[in-house]
């Protein structure tokens, strides 16, 4: 009797095991199919998003237009078809360069003129002779350097008095720098060096009067400085003309449209595979002419 029950149990298990195995295989197949479908959907969705995010479609290259106008203002606009604006930027460029060189040469010429003028009409010997006027001399808020026997010294009234004979015979000379040419006209303490100082000032004067020679010198310096400042202003205009033209050309290239023009299309996308932990596998680039 026991043997009969055991036989029935064995037969029951034999019938049950194939069913369980079939069910497990069916479930595994369904899981695999669903997994493959999810991978495919994710991959398509990811690729579609990447392609849409990196698409450029211009008939003219904005980068090329930017670079062309950065080098030669107006060139990028001409390339992008904006001919009148190209002419405007090019005209500003040519005019600015002409005015820059004109003002620069003018200023430098006037600068050399007032230096020669100062060398003719301002003398250290005059300043030494006018030390009796307390308002003039080398002692003060500004300094002139003196040269003697190949060496430079910081000027002072005591040094002038000690070297009086060398000053008179011309062995001691001022060091002629840009500061020197500025100081002898700008500050009263050096006014005693002008040839006509005593024509306008006396020992007892408490206020220094500007002599004609000094006044003329200051006028020459102002004209020179004004011309050089104007040259600097035109140099600034040139710089901004390059910059503005470059950005304008870039915009013009982006907006360029012509039915007759060969269209250039750029497409950039990501190569992805979601089976990997890092799904981004590379970049794809295509150009259509």
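For the stretch 64-83, which residues satisfy the criterion of being assigned to a helix (DSSP H, G or I) and either within 24 Å of the chain's Cα centre (by Cα) or within 17 Å of residue 95 (Cβ to Cβ) (or both)?
64, 65, 66, 67, 68, 69, 70, 71, 75, 76, 77
So which of 166, 181 ends up being in contact (Cβ under 8 Å) with a residue 60 or more places away in the chain, surrounded by 15 or more Cβ atoms within 10 Å (Cβ to Cβ) and part of a helix (DSSP H, G or I)?
181
Can you name the residue in the stretch 208-238 that is in contact with a strand residue (DSSP E or B) (Cβ under 9 Å, 6 or more places away or on another chain) and in contact (Cβ under 8 Å) with a residue 24 or more places away in the chain and is also nearest to residue 110 (Cα to Cα) among such residues?
Ranking the qualifying residues of the stretch 208-238, first place goes to 217.
Return the residues of the stretch 144-162 that are in a loop (DSSP other than H, G, I, E, B) and surrounded by fewer than 15 Cβ atoms within 10 Å (Cβ to Cβ); say none if nothing qualifies.
149, 150 - these are the residues of the stretch 144-162 that are in a loop (DSSP other than H, G, I, E, B) and surrounded by fewer than 15 Cβ atoms within 10 Å (Cβ to Cβ).
Looking at the stretch 98-137 only, could you name the residues that are outside any helix (DSSP H, G or I) and touching a residue at least 12 places away in the same chain (Cβ under 8 Å)?
122, 123, 130, 131, 132, 133, 135, 136, 137
For the stretch 210-224, check the following and say yes or no: at least one residue is at pLDDT 95 or above, farther than 24 Å from residue 141 by Cβ, surrounded by fewer than 17 Cβ atoms within 10 Å (Cβ to Cβ) and within 33 Å of the chain's Cα centre (by Cα).
Yes, the conditions are met somewhere in the stretch 210-224.
Among the residues of the stretch 101-112, is there at least one that is surrounded by 16 or more Cβ atoms within 10 Å (Cβ to Cβ), out of contact with any helix residue (DSSP H, G or I) (no Cβ under 8 Å at 6 or more places or on another chain) and more than 30 Å from residue 70 (Cβ to Cβ)?
No; the residues of the stretch 101-112 include none that is surrounded by 16 or more Cβ atoms within 10 Å (Cβ to Cβ), out of contact with any helix residue (DSSP H, G or I) (no Cβ under 8 Å at 6 or more places or on another chain) and more than 30 Å from residue 70 (Cβ to Cβ).
Evaluate the stretch 76-87: report whether one residue or more is at pLDDT 95 or above, surrounded by 18 or more Cβ atoms within 10 Å (Cβ to Cβ), under 30 Å from residue 249 (Cβ atoms) and touching a helix residue (DSSP H, G or I) at 6+ places or on another chain (Cβ under 6 Å).
Checking the stretch 76-87: not a single residue is at pLDDT 95 or above, surrounded by 18 or more Cβ atoms within 10 Å (Cβ to Cβ), under 30 Å from residue 249 (Cβ atoms) and touching a helix residue (DSSP H, G or I) at 6+ places or on another chain (Cβ under 6 Å).
Scan the stretch 66-83 and report the pairs whose first residue is touching a residue at least 12 places away in the same chain (Cβ under 8 Å) and at positive phi and whose second residue is part of a helix (DSSP H, G or I) and surrounded by 23 or more Cβ atoms within 10 Å (Cβ to Cβ), with Cβ atoms within less than 7 Å and a gap of 6+ or a chain change.
The qualifying pairs are 74/86; 74/89; 74/245.
The values are calculated or read from the model by the stated rules, or taken from the named source; none is laboratory data. All figures in this text were calculated on a predicted structure; none of them were measured in a lab. Ideal geometry is used to build each Cβ from the backbone, glycine not excepted, and the neighbour counts take in all protein chains shown.
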